1. Say we look at the stretch B:69-81 and pick out the residues that are assigned to a helix (DSSP H, G or I) and surrounded by fewer than 24 Cβ atoms within 10 Å (Cβ to Cβ); which of these is farthest from the other protein chains (Cβ to nearest Cβ)?
2. Please find, among B:L48, B:L53, the residue that is of a type in the set (A, V, I, L, M, F, W, C), out of contact with any strand residue (DSSP E or B) (no Cβ under 7 Å at 6 or more places or on another chain) and away from chain A (no Cβ under 14 Å).
3. Are any of the residues in the stretch B:91-98 among the acidic types (D, E), more than 25 Å from A:G115 (Cα to Cα), in contact (Cβ under 8 Å) with a residue 60 or more places away in the chain and not in a helix (DSSP H, G or I)?
4. Would you tally the residues in the stretch A:275-320 being of a type in the set (V, I, T) and under 17 Å from A:E238 (Cβ atoms)?
5. Among the residues of the stretch A:314-331, is any closer than 15 Å to A:L152 by Cβ and at pLDDT 95 or above?
6. Any chance the stretch B:171-191 includes a residue that's buried (at least 24 other Cβ atoms within 10 Å of the Cβ), under 13 Å from the mean Cα position of the chain (by Cα) and among the small types (G, A, S)?
7. May I ask you to say which residue of A:V89, A:V129, A:V105, A:V101 is among the aliphatic types (A, V, I, L, M), within 30 Å of A:N242 (Cα to Cα) and not assigned by TED's automatic domain parsing to the domain that holds A:G262?
8. May I ask you to verify whether A:S139 is within 14 Å of chain B (Cβ to nearest Cβ) and either on the phi > 0 side of the Ramachandran plot or touching a residue at least 12 places away in the same chain (Cβ under 8 Å) (or both)?
Amino acid sequence: MKMKKFINAPDALTDELLDGLVAANRGLIHRGEENMIINNALDNVDRVTIVTQGGSGHEPAISGFVGEGMVDISVVGDVFAAPGPQACVDAIKLADKGKGVLYIVLNHAGDMLTGNLTMKQCKKLGLNVVKVVTQEDVSNAPRENAEDRRGLVGCIPTYKIAGAAAAEGKSLEEVAAIAQRFADNMATLAVAVRGATHPSTGAALADLGEDDMEIGMGQHGEGGGGRQPMRSADETAEIMVNALLKDIGIQSGEKVMLIINGSGATTLMEQLIIYRRCEQILNEKGIEIVANYVGELLTVQEQAGFQMFMARMDDELLRLWNAPCRTPYLTK
Amino acid sequence: MTIDRAAVTAMLTSAARLLADDSDHLSQIDSRFGDGDHGITISKISKLILERLPQWGDESIHDFLDALGMAVMEVKGGSAGPLYGTMIGGLGAQLGEEETELDSAAVKRMFSGCLAEMEDITDAKVGDKTMMDALIPAVEAAQAAEGSPKDILDVAAAAAEAGAKASEQFVSKYGRARSYKEQTIGTPDAGAVSTALFFRGLAQGL
């Protein structure tokens, strides 16, 4: 089937989208060398700084969260592909304002390779950098095998929490410890009802047929029921909320952050209907939602479906989540 | 017989050409369970190697391979750039900074350096359906081989080819192909196939 997307040349996708992102947000961000998106305020900060990396095609993630209070530099690869390590090393050097750099990497094969190579090179150069990996997809491995879990939308609140901790003037060790504590207490489950097309090649990324949905990738079946017939919003919400609660081990009386992240083609109407049911379920269980977000943070082109994200919150994490930030796609 | 700078140039030229010639085939293999772009990335790597070789200035073999590896790591298009960059840099990693004539023992160090650098960045083992399916047997065969540098390169290339062939029977454990589980049996790993071509190319260039 012919791809119906507003693009020019497939090779220019990343370049053009980054130009557009900067054009629309000149007060906040600018482009650097090698596909970097840089916080305009970076030159004048005296604190720990935050660097991340990832492929394009997931807008507004990841570069839409560069700005004060979140990410200082994002290093962008091609569509769905990690950037190379040299660009990340250069970004870390550029970001380091004498207090060290927190380097946040999502767990995907290519990103992890680049992350390892970058850290190896940083060590050689004696740079002060700590890496934190976000890996919270409950569907593709049990919690004991966190290294096998993919990094999904959880990177975004992790940027927010880490960025706020850095803005408070905390040391690199403290910022890293807080980011890690948040990352260790989060979980995401993704559901898809229709796949996306790769914007460069036009290839279909998944085929879910007319009547099915897929909770998680169903790789080992831990996360949900895997591929199954389409269900109602309430039934889907129940399956997913319960899987997340079980995974993190959240008990009655605890406080959570809940995010419904649209994957690209699921309407806000549907996301809100899902959120409504999640809140009802959590209320019934005596679990309080103290932080939330409903909308698109990390998409997969026009994939229909959403990611449900939950994290255990404490007073410090909540304060950091609510702290001010100014980025193209999240302002507090 | 030893390997000097001219021989290293010939080896890399031959490897780059062989990879470029087979790039369509590599994409075809990769399109079954991967992103279908391995051949495209390999072509870019090949092109970069062929561009860099004539610019080889006063650097030693060690330093040239190190710089070439760093450059290849930046080739865009998924993991192949960082992996090939690491492998190429690794070829020089255990050579002396000023070593100019590589004997059989030095060639064995090229292979062990290659593996050591790769093991630093990936936990993949033989059987995980990755490049390591070709690389690990090649390095092991090289260590056990006797004879001239050319003999060692030939033995390593043959072992890499056997490893790539064996990857057909493995279940994918890394990357996008991983979610296809048992369906991946019967298709070789595109990275293992290209790695075998790379080693065959090195051997043929000598």
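1. Checked the stretch B:69-81; the qualifying residue farthest from the other protein chains (Cβ to nearest Cβ) is B:G69.
2. When all the criteria are applied, what remains is B:L53.
3. no
4. Selection size over the stretch A:275-320: 3.
5. no
6. Yes, the stretch B:171-191 contains a residue that is buried (at least 24 other Cβ atoms within 10 Å of the Cβ), under 13 Å from the mean Cα position of the chain (by Cα) and among the small types (G, A, S).
7. A:V105
8. Considered against the rule, which asks whether it is within 14 Å of chain B (Cβ to nearest Cβ) and either on the phi > 0 side of the Ramachandran plot or touching a residue at least 12 places away in the same chain (Cβ under 8 Å) (or both), A:S139 comes out as yes.
The values are calculated or read from the model by the stated rules, or taken from the named source; none is laboratory data. Keep in mind the model is a prediction, meaning the values are calculated, not measured. Backbone-built Cβ (ideal geometry, glycine too); neighbour counts: all protein chains shown.
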